[in-house]
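Q: First the structure, then my questions, so here it is.
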Amino acid sequence: MRTGEFHYTARPSCTPGEAMALLADLTRQGELHPLIVAVHHDRPPRPGAIRSYTITDAMRWGPLRFRIRYRADVLSETGTALDTVARQSPGVTVRNRTTVTREHGPDGRTRIDCHVTLTAPTPLFAYAFAQARRAHGELAARIERTLSGPGGHRPE
């Protein structure tokens, strides 16, 4: 097994509450995450989780296209922090610690910092890590567009 970490930041024009409402609702990830094609809210949540989901990703590995289904859980949520974990077969775990803070300044931006820790079997690690890093880079851009766009908060 190997473990790697990366971090990304998004700075949308919205309130921290608007950001947390979007990020904590994993059913919305189908709109935002470039790999996710379906999200189903599981009831009741799995032990240790406050909400649980079954997610389907569409993946590519060279010319191969395939889908994977996996479990994702919201482990904790406050007004400023969100902890999630996704468990994929075979033995891939992705943990996210997201914090949301209001930036000081006149532009009305909120800072979203996400720290991702990925653990995978050694033969899959390079592929899984590269896919996660690329997808989360696009996710950050989509979060900014969604929260700053029409219907999102715009500073006056």
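Q: Using a/c under 1.5 as the rounded threshold, could you call the range 2-76 rounded, prolate or oblate? The axes a ≥ b ≥ c are square roots of the C-alpha gyration tensor eigenvalues, and prolate needs a/b larger than b/c, oblate otherwise. All intermediate terms of the calculation are to be shown ahead of the outcome.
A: Numbers: a/c = 1.66, a/b = 1.21, b/c = 1.38.
In terms of gyration-tensor shape, oblate.
Q: Rounded to the nearest percent, how much of the accessible area of the chain (1.4 Å probe, protein heavy atoms only) is carbon and sulfur? Walk me through the intermediate numbers first.
A: Values: 4440 of 8270 Å².
Summing carbon and sulfur atoms, their accessible area is 54 percent of the total for the chain.
Q: To continue, here is another question. Hey, rough spin-label estimate for Thr117 and His41, points 7 angstrom out along Cα→Cβ, what's it come to in nanometres?
A: 2.9 nm
Q: Debye calculation, C-alpha points only, no solvent: report log10 I(q)/I(0) for the chain at q = 0.11 Å⁻¹, in the same order as the q values.
A: Debye intensities relative to I(0), on a log10 scale: -0.44.
Q: Moving on. With unit charges on the beta carbons (Lys and Arg positive, Asp and Glu negative) and the dipole taken about the Cα centre of the chain, which residue among His40, Gly105, Tyr70 sits farthest to the positive side?
A: Tyr70
Q: Still on this structure: Grab the DSSP H runs of the chain that are 4 residues or longer, score each as -39,500 (n - 2.57), total them, divide by all residues and round the 222 nm result to the nearest 500 deg cm²/dmol.
A: Working: 3 runs with 40 residues, N = 156.
-8000 deg cm²/dmol, from helical runs alone.
Q: Further, regarding this structure: Enter the Cα centre distance for the pair the range 72-98 and the range 101-116, rounded to the nearest angstrom.
A: Rounded to whole Å, the Cα centres lie 21 Å apart.
Q: If the only charges are +1 at each Lys and Arg Cβ and -1 at each Asp and Glu Cβ, what is the size of the charge dipole of the chain around the Cα centre, to the nearest 20 debye? Intermediate values should be presented prior to the final figure.
A: On the way: 22 positive and 15 negative charges, 114 e Å.
Using only the charged Cβ atoms, the result is roughly 540 debye.
Q: Go ahead and set up a Gaussian network model of the chain, Cα springs under 10 Å, then flag whichever of Pro121, Pro63, Pro47 fluctuates most.
A: Pro63
The values are calculated or read from the model by the stated rules, or taken from the named source; none is laboratory data. All values reported here derive from a predicted model rather than from experimental measurement. No Cβ is skipped: glycine too gets one built from the backbone with ideal geometry, and neighbour counts run over all protein chains shown. These accessible areas exclude ligands, DNA and RNA; they are computed on the full protein's heavy atoms, side chains included. Shrake-Rupley method; radii C 1.70, N 1.55, O 1.52, S 1.80 Å.
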